[in-house]
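S.K.: One structure is given below, represented as structure tokens, and several questions about it will come after.
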Amino acid sequence: MLLSELAALLGLTISGKDTEITGVNTLENAGSSDLSFLANPKYEAQLATTKAAAVVLNAKYADQVESAILSENPYMDLAKAMHVFSKPQGCVEGIHELAFIHPEAEVDETATVYPFAFVGKGAKIGPNSKIFAGVYVGEDCEIGSGCCLYPNCSIMARIVIGSGVIIQPGSVIGGDGFGYAQVSGKHMKIPQIGTVKIGDHVEIGSNTTIDRAALDVTKIGSGTKIDNLVQIAHNVVTGDDCLIISQSGIAGSTKLGNNVILAAQAGLVDNIKIGDGAIIGAQSGVSNDVPAGFVGAGSPLLEKGRYLRSSISIKKLPDMGRKLSALEKRIVALEAELAKGK
């Protein structure tokens with residue numbers, strides 16, 4: 001489409017000449033009909049060498065390119081442009097004859113179900129949702145409108161999923177929580193008879209697992225985005241708009257407030273509370289409640305400033321060790337000299 005047409009869709013204005021846009025790419029790799037962007041000033045020098053047809057950027061850089069879309073937030077507006085040019089995945093429409101749909105399931109006529117998907121008894125699939133090949137939807141599940149369940153994800157029985165939810169390949173929603181009681185030195189399984197409820201516009205990455213509650217519900221708040229390879233245990237509750245990054249693990253019955261961020265490989269013990277807007281750094285170990293707005297890292301978790309000071313000290317430990325050893329030797333020598341004086 002023309003640059004002016006794209007700008008109109010984004011609610012923005014253009015600078016320079018109008019031109020045809022066929023795709024989106026980086027400043028370094030853009031071709032002569034691509035749209036690019038400048039969000040970080042450190043890449044400003046690439047404006048002089050880019051082959052991009054136009055660039056999304058702040059108005060103060062506009063005189064450096066022939067064509068531009070003017071934006072106060074180039075990164076966000078580029079993301080909107082990418083939605084225009086992104087091609088939805090898939091090549092099937094409607095319910096394929098090789099899908100298994102239980103006679104007592106309800107699948108909206110506008111939904112798409114790929115071959116070799118399974119939709120169990122009493123399950124409901126909402127309007128415009130897509131169920132890709134190899135997906136298992138257990139009995140009495142509810143899948144809202146506009147959802148996309150990519151290949152080989154498993155939605156176990158009685159799970160409730162809101163509207164606009166994206167679940168990437170290989171994820172498991174509603175597997176049994178890890179619950180056992182010791183009886184005479186043996187581990188007896190505690191039945192996990194609760195459920196999972198996923199809010200609206202949640203995204204769940206590949207091979208992530210969200211366990212069903214032992215009783216009651218495991219709940220993921222609306223707008224929350226979960227990366228690949230995340231483990232969320234039984235009875236965990238997250239607030240809205242959280243970000244949970246790859247390989248993080250949240251133990252049972254822990255509660256996250258709204259807008260919490262867990263960086264990669266963060267580990268949270270069971271039965272703690274993380275306040276609204278808290279940010280937990282990568283590889284942190286969290287064993288106690290965290291107040292709202294807290295920013296920290298480390299294992300055990302420390303406030304950001306204290307963690308940074310501790311990290312600096314750790315780097316100095318080898319030198320400190322050598323100095324301490326030298327001081328100990330001097331003290332021994334001084335004590336020997338004092339002993340002789342007696």
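The numbers here are math on the coordinates, done by the rules we state, and not lab data. Predicted model only: the values in this text are computed from it and were never measured. FYI the Cβ positions are ideal-geometry reconstructions off the backbone, even for glycines, and counts take in every protein chain you see.
S.K.: I need the per residue convex hull volume for segment 172-229, using only the alpha carbons, in cubic angstrom as a whole number.
M.R.: Convex hull of Cα atoms, per residue: 76 Å³.
S.K.: Bins of 10 Å, beginning at zero and ending with the bin holding the largest distance: percent of Cα pairs per bin for the chain, please.
M.R.: Going out from 0 Å in 10 Å bins, the chain shows 6, 19, 19, 22, 18, 8, 4, 3, 1, 0, 0 percent.
S.K.: Assuming a viscosity of 0.890 mPa s and a temperature of 25 °C, what translational diffusion coefficient in µm² per second does Stokes-Einstein assign to segment 3-85, Rh being the Kirkwood radius over Cα pairs?
M.R.: The Stokes-Einstein estimate is 203 µm²/s.
S.K.: Pop a pseudo-label 7 angstrom from the Cα along the beta-carbon direction at both T13 and N288 and give the gap in nm to one decimal.
M.R.: Taking the simple label geometry, T13 and N288 are separated by 5.5 nm.
S.K.: Taking R0 as 41 Å, what FRET efficiency do you get between K80 and I314 from their Cβ-Cβ distance, rounded to the nearest 0.05?
M.R.: 0.45
S.K.: Give, to the nearest whole percent, the P(r) tail of segment 70-162 beyond 16 angstrom, counting all Cα pairs.
M.R.: Summing the P(r) tail past 16 Å for segment 70-162 gives 55 percent.
S.K.: Kindly provide the helix-only [θ] at 222 nm of the chain, computed as the sum of -39,500 (n - 2.57) over DSSP H runs of four or more divided by all residues, to the nearest 500 deg cm²/dmol?
M.R.: -6000 deg cm²/dmol
S.K.: Okay, moving on. Compute the orientation-averaged projected area for segment 100-302 from the convex hull of its Cα atoms and round it to one decimal in nm².
M.R.: Answer in nm², one decimal: 11.0.
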